[in-house]
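Peer 1: Pasting a structure here, questions to come.
The values are calculated or read from the model by the stated rules, or taken from the named source; none is laboratory data. These numbers were taken from a predicted model, which means no experiment stands behind them. Quick reminder, even Gly has a Cβ in these numbers, built from the backbone with ideal geometry, and neighbours come from all protein chains shown. What goes into the accessible areas is simple: the full protein's heavy atoms, side chains included, and nothing from ligands, DNA or RNA. Shrake-Rupley method; radii C 1.70, N 1.55, O 1.52, S 1.80 Å.
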Amino acid sequence: MSETVVTDLRPLAAVLVSAIAVVFIVASYRYPNVREGWSVLAALAKFAIVASMLPGVMNGTVYKWSFAEATGLDFVAGVDFALRADPLGMLFALLASFLWIFTSFYAAGYMRGLDEHAQTRFFAAFAASLSTAVGIAFASNLVTIFIFYELLSLVTYPLVAHNEDSEARIAGRKYLTYTFFGGGVFLLAGTVLVYWLTSSASGTDTATLEFQAGGIELLTEAAAADPAIAQAAFYLLIAGFGVKAAVMPLHSWLADAMVAPTPVSGLLHAVAVVKSGAFGVARVYLDVFGLEFPTAYPLSVPVVGDVPLNIPVAILAAFTLTAASIIALRKDHLKRRLAYSTTAQLSYIVLGLSMLHPIGVLGALLHIPAHAFGKLTLFFCAGAIHVETHTDYVSEMAGIGKRMPLTMSAFTLGAASMAGIPLLAGFVSKFYLLIGAASGAEVAVYGLEATWLWIFAASLIVSGVLNIAYLWPVVYTAFFESEDRHDAKPVFEFPAGGERKSYGVLEGEADHDIASDGGSDDSTRKDRYAVNENPSDADVPFGPGSGAGSTAAGENPVAADHDDTDQDDHTDEHHDSEANEHHETDDEEHHDDHHHGGAPLGGWERRSPLTFAESTWLMLMPITVIVTGAVTLGIVPDYAVFLELADTIVAGVTGEGVL
Amino acid sequence: MSSVELLPALLVVVPILLATVPIALGLRYDRTGWSVTLATTVGLFAGTVYLATVVYGGSGTNQEVAVIHELGGFTAPMGIELVADTLSTMIALLVTGTALGVLAFTRVGGPRGNTFYSGYLLLVGGLLGLTMTGDVFNMFVFLEIVGLGSYALISSGRGPEAAVAALKYLIIGTVGASIYLIGVGFLFMATGSLNMLDLAATVPTLEGQNLQLARAAFAFIFVGFAIKVAQWPLHSWQPDAYQHAPDGVTPLIAALVSTVSAYALARLLFTVFGAEFIASTPYASEIIVTVGAVSVVAGSTLAVIQTDVKRMLAYSSVSQFGLIVAAYGLLTETALVGALIHLIGHGLMKAGLFIAVGIIAIGYGARTVDAYAGLAGERPFVAGSMAVLLIALVGIPPSIGFIGKWYIAVGAIEAQSWLVAGVIFLSTMLTLAYVARLLERMYFTPASALEAGHEDTATVGHAVTDGGTATVRGTRVTIGMLAIVIFVAALAVFLGFAGDAFFALLEPFVESADLEVSP
């Protein structure tokens, strides 16, 4: 397909629109409704700008804005600061900007539902994150992508450390360390190496860092002269992006980052941030080195012989997707369980790309949106459960389907999509991944390459089964168990190796569960007798169920009085001036109390799915839309633009599409 | 002699002469120092800007565009030259610009008194002289003037620590200058000349014993400047000096004194000795690179464990200058450009950071890392500017900090000096270690939570007392102070887009240094 490059301001506008929104968000800190209005407006504008470029990009036009053309100056000598909307960039930008629209509604509902502190900072950082994520998508060379990659790490840090307690601070430190090690050390080192390689290969001292579909030509020439350096650059770049893609052993920041509010875990730590890593890996394979490079310059390993460069990466990814799924089995905390699921699913993408077969690449690219829709649904549901019932642990969710029928139904669909059940998004991408592995094995050249590809295919299937194994218990306990009659969850409640005594549903166990503890010794779930236990009480001021709360509160008058006052203060403050954030910090203790959940005394209240009474529309609407997206991608992938876009990308790299 | 050729001399002589005015007027009027200094620095800044338009407006090699003033009309190599070439003009811009900016702080933030402003002008004059001089002995003279100015300003801090710090700096600094002078002596023995350009022509022709003398001279000069630039392990004067100097003095010293010394080192390495000489002297380049690389690691490590913010930033300077010195030693064009950009960028960022520290000490009463808790909520503008500057210091793009780091990294890779390249890439993490610590305190640690735990510890108590006394003296945070910090922060980001422009401006000098592109 011929490519026409058109100079256009829209890639820049798409990046800047939410950066400008940051200013307005901060400026309107006194008026929460106006502030959230800016978020939504920026999200809509961003999506509109990105979508307006879609028809052109599908027809082979590339929109480009360049700092050098605009000002006559390079960013640093020999390297331009340029943004360009090509098919691969569009895939990521379209996805991130589309999902942001709904996340901004959801975030408003979530943050208000929990009466969170520092909301202005939260929304400002969120908008900035989207700005940088689209910057990563549209970056047209390694330096530009590096700039936005670093900025993304920076602006998401306030979101991770949002809670301002020691757990959040430690998670924030870990987050900064990992992401800057990835960006500032690995990625920068790789970029500089590529700069040096291309500038010495050009013979004129001019370097090329500009992405080219199918690989940078000068780099291929340089690699022929100095394969060792090119290989080092390859691995440095992969490692740099691999950190954000949470490929083991660089994954542990992701689970810790789950202390962030759920909209962050959802859009950023399941879509924008982590996918920027996977996206970067795609850029490295497709547009920096090209698909031929890894096999053309294999590593010669003693004993084993020649190993193509992609195989070690693929092995790590295959290991990650299996290991992370197994770890997820034992996570009782729902968000952490989902985080390990994300770790596993991201490695699908990395694995698909590393198999180098066009069909595998197509599957990997398609898995970017497929996983995004599924995982965002799951996180949104987890967040809605947290806001409405303060339940975070799977072991406390028995019978929660009664309380949140719509949410849990959406969760079920999302979980099925994760597991790759047909008619859902996850199936389509996994299908192509498996075909890719099998077709790759057919054309394998190196000794053990085919064997490895079959092993990868097997690991994909095993991981699919594990997906069901760790997500089904959530659905099962929500719908098919009740708060007073439920089984123990031996896999994640008991110590590894099993409990020494027998277990089963004991008389009064359910009561015990509620009154004392969820059977876990987790120290965050102390102080279990406060009325905060009561889900409906915490609905104030947005939840519909404050009436029901008073019954439960009556049983515990002293605590209830205390808490009511607290809540009232909070409500007043909330309405009067949300800007006054100092007060919010005093309430840190109060927030900590939110960390325990489970069914209230007397069991879950039954809410009808038809009345939409289980939560606010601000949260239910996004859940519904996103899960519909996951279904649409699964049933009619041909009509949901992403498949075609992914095929265009593959066609750009290999010369012809696979469909 | 055209009028523009008078400018280099005026830039040096005017502040030194006017340094006497505050004292003289002080006999009659109490508060004239600031006004006189303001008028002088505005004049100096305007003069430098005009000089810059002439130097950068010209086309040709570094020597052709340079504005040269021969003092007293005695021609080189006998007479002393003042040279404004593409490099020294840029440093002069930094000196005069920073000197002007810091005045915005000292007007209300102190220190006060006419003698302070005399010292201020003396220091600025000395720095400009050090920047412009084209004579190695004359450089020693200005080194001493700068030293005297700094000792005086540091000792004007309250309390005995300031006196001790000044004395320590005086002793170590004088030793450094003396070692340099010994080097100059050897160089004079070897070549019979003191003029830099003359030396540059002579040094490559040296043979036998004269070559040995020149090598000895090189060793003395490098060690002398390693002290002045505060390279580990010769840095010990610097943290004390930065920490105990008055808040209005630290930005000036931190941003300019070490920077101009590091500039002078570059001038000696690349103009006087030349890359050829360093490359042919056994282990010279390796030693320079090692000193720099070790300073990077040692400085950052020491910075991480500090409790006092000024001291932390002082150790940060040790590490950042380590980066610059290591880049000198790489002997590639790109690394040299990177070092020079980082020199200017670091000066700018540190000036802004130390002014911010001063503002916070006045307005929030905080001096230790712990006491910075909750700053973002209480003082959003100064905390925000400080955060931007700290992030720029880490080298996160787009910022001036990144530009310098990028060129140095490319230079290290071009030189195929993998160890240095590793240190440079890791320096991001090392810098992040202390920067993140401060950011976390400012933004994600509620003040109340921390104070409850630390209420009766000495650190917070000290900080509160400090703030208290400040209020008693009538010191307050003015709009001007805030404006200057915000301006510097914005400039640090804005210059992040000027990497190519810097390269173009410095190119004539770098080409004159005659480095092989990839040795």
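Peer 1: Take residues that are within 14 Å of chain B (Cβ to nearest Cβ) and tell me which of the helices (runs of 4 or more DSSP H) falling wholly in region A:1-95 contain 2 or more. Give the steps one after another, and end with the answer.
Peer 2: Values: elements: A:10-27, A:32-52, A:54-58, A:67-71.
Correct list: A:10-27, A:67-71.
Peer 1: Take the conditions facing another protein chain (nearest Cβ under 10 Å) and open to solvent by less than 40 Å² (accessible area, probe 1.4 Å) and apply them to A:Asp165. Does it pass?
Peer 2: Working: facing another protein chain (nearest Cβ under 10 Å): yes; open to solvent by less than 40 Å² (accessible area, probe 1.4 Å): yes.
Here the answer is yes, as A:Asp165 does meet what is asked.
Peer 1: With A:Ala128, A:Ala133 as the choices, which residue is at pLDDT 90 or above and crowded, with 24+ Cβ neighbours inside 10 Å? Outline the logic, then answer.
Peer 2: Numbers: A:Ala128 fails: crowded, with 24+ Cβ neighbours inside 10 Å.
Going through A:Ala128, A:Ala133 in turn, the sole match is A:Ala133.
Peer 1: Count, please, the residues in region B:397-418 that happen to be touching a Leu at 6+ places or on another chain (Cβ under 6 Å) and at the interface with chain A (Cβ under 7 Å from one of its Cβ atoms).
Peer 2: Going through region B:397-418 one residue at a time, the tally reaches 0.
Peer 1: Just one of A:Gly190, A:Gly203, A:Gly215 is at pLDDT 90 or above and either over 24 Å from the mean Cα position of the chain (by Cα) or among the aliphatic types (A, V, I, L, M) (or both); which is it?
Peer 2: Numbers: A:Gly203 fails: at pLDDT 90 or above; A:Gly215 fails: at pLDDT 90 or above.
It is A:Gly190.
Peer 1: Here's something else I'd like to know. Give me the residue from region A:169-191 that is within 9 Å of another protein chain (Cβ to nearest Cβ) and basic (Lys, Arg) and, out of that set, surrounded by the most Cβ atoms within 10 Å (Cβ to Cβ).
Peer 2: Checked region A:169-191; the qualifying residue surrounded by the most Cβ atoms within 10 Å (Cβ to Cβ) is A:Arg173.
Residue by residue, here is whether (1) more than 23 Å from the chain's Cα centre (by Cα); (2) more than 14 Å from chain A (Cβ to nearest Cβ); (3) modelled with pLDDT of 85 or more; (4) buried (at least 21 other Cβ atoms within 10 Å of the Cβ) holds:
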site	(1), (2), (3), (4)
B:Ala436	yes, no, yes, yes
B:Leu439	yes, no, yes, yes
B:Arg473	yes, yes, no, no
B:Pro519	yes, no, no, no
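Peer 1: Something else: Can you confirm whether region A:352-363 contains a residue that is touching a strand residue (DSSP E or B) at 6+ places or on another chain (Cβ under 7 Å) and not in a helix (DSSP H, G or I)? Before the answer, list the steps.
Peer 2: Initial filter on region A:352-363 (touching a strand residue (DSSP E or B) at 6+ places or on another chain (Cβ under 7 Å)): none.
The answer is no; no qualifying residue exists.
Peer 1: Only one residue in A:Val281, A:Val301 is β-branched (Val, Ile, Thr) and open to solvent by 40 Å² or more (accessible area, probe 1.4 Å). Which one?
Peer 2: Working: A:Val281 fails: open to solvent by 40 Å² or more (accessible area, probe 1.4 Å).
When all the criteria are applied, what remains is A:Val301.
Peer 1: Condition test on B:Val36, is it open to solvent by 40 Å² or more (accessible area, probe 1.4 Å), in contact with a Leu (Cβ under 9 Å, 6 or more places away or on another chain) and farther than 30 Å from B:Val510 by Cβ?
Peer 2: Values: open to solvent by 40 Å² or more (accessible area, probe 1.4 Å): no; in contact with a Leu (Cβ under 9 Å, 6 or more places away or on another chain): yes; farther than 30 Å from B:Val510 by Cβ: yes.
In short, no.
Peer 1: Now for a different question. Condition (residue is under 17 Å from A:Ile359 (Cα atoms) and charged (D, E, K, R)) applied to region A:410-430: is it met by at least one residue?
Peer 2: Yes: one or more hits.
Peer 1: Just one of the numbered conditions (1) closer than 20 Å to A:Ser140 by Cα; (2) in a helix (DSSP H, G or I); (3) more than 34 Å from the chain's Cα centre (by Cα); (4) more than 10 Å from every other protein chain (Cβ to nearest Cβ) is not true of A:Thr220; which one?
Peer 2: Status for A:Thr220: all satisfied but (3).
Peer 1: Kindly provide the set of residues from region B:65-80 that are under 20 Å from B:Leu199 (Cβ atoms) and in a helix (DSSP H, G or I), ordered by number. Show your work before the answer.
Peer 2: Restricting attention to region B:65-80, the residues satisfying the condition of being under 20 Å from B:Leu199 (Cβ atoms) are B:66, B:68-71, B:74-80.
B:Leu71, the sole residue that qualifies.
Peer 1: Next up: If you take the residues in region A:192-206 that are open to solvent by 20 Å² or more (accessible area, probe 1.4 Å) and out of contact with any Leu (no Cβ under 8 Å at 6 or more places or on another chain), which one is nearest to the other protein chains (Cβ to nearest Cβ)?
Peer 2: The extreme case among them is A:Trp196.
Peer 1: Mind listing whichever residues of region A:416-440 are in contact with a Phe, Trp or Tyr (Cβ under 7 Å, 6 or more places away or on another chain) and aliphatic (A, V, I, L, M)?
Peer 2: Within region A:416-440, A:Ile421, A:Ala425, A:Leu433, A:Ala437 meet the criteria.
Peer 1: Restrict the check to region A:157-165 and report whether at least one residue is farther than 20 Å from A:Val271 by Cβ, among the β-branched types (Val, Ile, Thr) and part of a helix (DSSP H, G or I).
Peer 2: No.
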